[in-house]
Amino acid sequence: MKVLAITHCELVLIHPFREGNGRLSRLLSTLMALQAGLPLLDFSSIKGKQREVYFAAVRAAMGRDYAPMIEVFRKVVTASS
């Protein structure tokens, strides 16, 4: 979970593309999860209030506090099982 969360945050934060950074980060996270034997990740639960929790986790990662994003990924993996 930790590696997924950190990789996701760092890719979002370096913002390599004008558009699609979030989509690419989710795709990479899904690929990493599948390689690790985890289920296909379903990010559809990140909407409404959970979307704000996600954005707060990205902001926390700017200060290298990945705990909130680890929790987001824990919930995504659990919901995807």
(request) Report the charge-dipole magnitude of the chain in Debye, nearest 20, computed about the Cα centre from +1 at each Lys and Arg Cβ and -1 at each Asp and Glu Cβ. (result) 120 debye
(message) For q values of 0.22 Å⁻¹, compute log₁₀ I(q)/I(0) with the Debye formula on a Cα-only model of the chain, without solvent.
(response) -1.04
(request) Multiply the residue gap between Arg59 and Asn21 by 0.36 nm, knock off their C-alpha separation, and tell me the result in nm, one decimal place. (result) 12.2 nm
(request) With r as the distance between the Cβ atoms of Ala67 and Ala36 and R0 = 25 Å, compute the FRET efficiency 1/(1 + (r/R0)^6) and round to 0.05. (result) 0.80
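Any read-out appearing in this document is the output of simple, stated calculations on the displayed coordinates, not a laboratory observation. Note that this is a predicted model, so its numbers are computed, not measured. Cβ sites come from the backbone with ideal geometry, for glycine too, and all protein chains shown count toward neighbours.
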